[in-house]
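Working notes, structure below.
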Amino acid sequence: MSIRLEVKKTIGIGIAAIGLFVLVQLFHVTLNKLYSHNVFFLVYPVIGFACAAICFSIFYQSWSILLEQLSLQRLFIAPTFLVAGLLYLVHIVSVSFLSLTDFALSSSISLWLLFVNRVFTAVMFLIICLLPYRKMKSGYKTVALWAGIGCTLLILGVIKVCGARLPDLRIRYEADILGWILNLAIMFLLVSTMVLGVRRYREFHQEEHGMLLMIRGTGLCVVSQLFYMSSEQMSDVNHLMGFLTNTMAFYILLNGLVRQMVLVPYREKQAAESEFNFIAYTDDITGLPNRRRLSQRLDKMLRDSLKPDETVALLVLNIDRFKTINDSLGHMAGNYLLYAVGERLRHFSHEGEEVFSMGGDEFAFLLTGYEDMRAMRNRIDDMVKLFDQPFHINGESYHVMVSVGIALYPLDADQSEQLIQNADTAVHSAKEQGVNFQRYTSVMQMRAHERLQLENDLRRALENEEFSLVYQPRVHLQSGELTSLEALVRWNHPQRGMVMPGDFISVAEESGLIVPLGEWVLREACLQNKRWQEAGYQPIPISVNLSMRQFQQKELVDVIQGILAYTELEPCYLELEITESMTFDKDRAFEQLKKIKAIGVAISIDDFGTGYSSLHYLKNLPIDRLKIDRSFVNEVLVDSKNAAIVSTIASMAHHLKLKVTAEGVENEEQLHFLQAQECHEGQGYYFSRPIPAEAFEKLFLREPMNWLSQDSM
């Protein structure tokens, strides 16, 4: 029912009640003739007991229901209606069963109870309406109970003691002046309460039906008071109509209070629980069900609804290089990519398939109903092909690939959490192996444990100084002279022996240890280069790799300057290598590179050709060198496409006035090809493997020579 209709209904009930009052006054004499004492003693107790019951019900609703929603208004409502209910009960009993109670209360005193009850409720209604909303502790409900009982006893006691001096309300003229004053006061209080209620409703609660009901009930209390003021005596029909209207008003108030104090809080609680469940079981970025919901869904599925031969496949997808995109383009772009991937997977899913967000850059795809493994494999292939199409972020197109880990029930796990864990282990294995997808095997669990152990060992290695540097020369491909060198890190593990970077750099990246490790490498490389210069050797630049985390640091330039100042190495003898992926966020990359160039440090792009660099942005980047990735150099003699790529990169670098270094030079044929492409420098096993500082000094610094005429080392 609409609020507008309820407002009209409230106005209509008010008009009808006033109309009833007018009709009763017009036919007052006729109605009084029909209204005999027998009718009075039959109807009056029924109305009275009903009114007392309603008062007790309001007291109970206010005093004991939903105590976590207990407010200051409820603490006043509870004793108010407890007092009203008790006084109505005493009044009705004393009037209806006079022979049993006359020894305690006379009829006149009983009427005074009714009169005082109306004064008391009118005063309390106004006070309740004026009270501010404030939550109260449930312990105060005992105070409300005893306040109501105490107030009732006080009223009964005062009226009993002063009863002889009070006018007899059974005869109207004996109470004219005092009665009119009290009746007008009651009317003023009730009208004030109704006006305040309407004002509050219009300001704060225009959508709340319960507030309208309470305004409706207060309005009927006003009409009830009109009947009481028009009553000639207790047996007058106006008195009966006043009592009846008052009972109806309290019933409507009961409905309004139940709605306000029970239904509304209950619905709010339900809404809060629903919102909590939505938050608890839904990913806030993608809007997909989350890992908790997946676990719940699998529990139910494995327990209840699977056929005997049915296989459940859980696929965990991990977005490759998501961290690069997130760090380069910003978190807003990263969040948009997560949402776009989720939407693409959701539209791809069929009946019996569900998509979940696992948090971060991982998603889960649940396949059920497949008894043919080949059909399931085809479905997985189709899902991987989804990512052949690029994603459009900030006006640019980005190709995003995923790695997929697969675990099957009941072949790989017989419990939901184990199935999730195994699929997660498989996806990390797929990323390490560089393949699109892998199914879980027990060997992967051992690798995952080893990876965790490796991270713990890495932390200890930094403290125990287990790392060392090796150096690989760069040779000018036309003159054969040594032009520079690259510093590479090695880990001397106490149990595993020498650990290569490919085995621990990814773990260092994920754990954040790459930052302190990278700073240590930079400092040690600069120190060693300075030692060689101080030993009198020809000064040459030394190259050090920067990780993505280091490159994203705002204080990177300060760190570099601090290390240069500490080692006293001139900036022109330091070169920093970044990867193409670090330039995804063109503006941030440009600003960072410009700051590095401003202090005199050279910059090269490592593994060039393996990323998605935009040539438009590349020409504007403040860089000095391109390093052609070894994957192209290795096959220049057997793959014409790779040869074309190397030739193109070299030609482009010349036109951009950039130096070119070819990585992975391993034989003389490759050397001749690179010389023909006019590559400036070569680096690889043809000249030397990465070797410790002492060996490098002995071979390359003490007796400089033309390395193009030397045998491969």
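Annotations for the structure displayed:
- Which numbered condition Gly512 misses (of (1) among the small types (Gly, Ala, Ser); (2) modelled with pLDDT of 80 or more; (3) on the phi < 0 side of the Ramachandran plot): (3)
- Helices (runs of 4 or more DSSP H) contained in the range 103-213 and holding at least 1 residues at pLDDT 80 or above, of a type in the set (D, E, K, R) and farther than 19 Å from Leu257 by Cα: 107-130
- Residue within the range 405-426 that is part of a strand (DSSP E or B) and closer than 27 Å to Ala333 by Cα present: yes
- Lone unmet requirement of (1) under 23 Å from Gly342 (Cβ atoms); (2) of a type outside the set (Asp, Glu); (3) assigned to a helix (DSSP H, G or I); (4) within 28 Å of the chain's Cα centre (by Cα) for Ala430: (4)
- Scan of the range 642-674 for residues that are crowded, with 17+ Cβ neighbours inside 10 Å, closer than 17 Å to Ser631 by Cβ and either outside the structural domain of Arg689 (by TED's automatic domain parsing) or among the small types (Gly, Ala, Ser) (or both), ordered by number: Ala643, Ser647, Ala650, Ala662, Gly664
- The range 524-539 - residue that is surrounded by fewer than 18 Cβ atoms within 10 Å (Cβ to Cβ) and among the charged types (D, E, K, R) and, of those, nearest to Thr579 (Cα to Cα): Arg531
- Test: residue in the range 352-364 that is closer than 17 Å to Gln415 by Cα, in the same structural domain as Gln433 (by TED's automatic domain parsing) and out of contact with any His (no Cβ under 9 Å at 6 or more places or on another chain): yes
- Restricting attention to the range 540-569 and to residues that are exposed (fewer than 14 other Cβ atoms within 10 Å of the Cβ) and not in a helix (DSSP H, G or I), the residue that is farthest from the chain's Cα centre (by Cα) turns out to be Glu568.
The values are calculated or read from the model by the stated rules, or taken from the named source; none is laboratory data. Because the structure is a prediction, the values reported are computed rather than measured. Methodologically, a virtual Cβ is constructed for each residue, glycine included, from the backbone with ideal geometry; neighbour enumeration extends over all protein chains shown.
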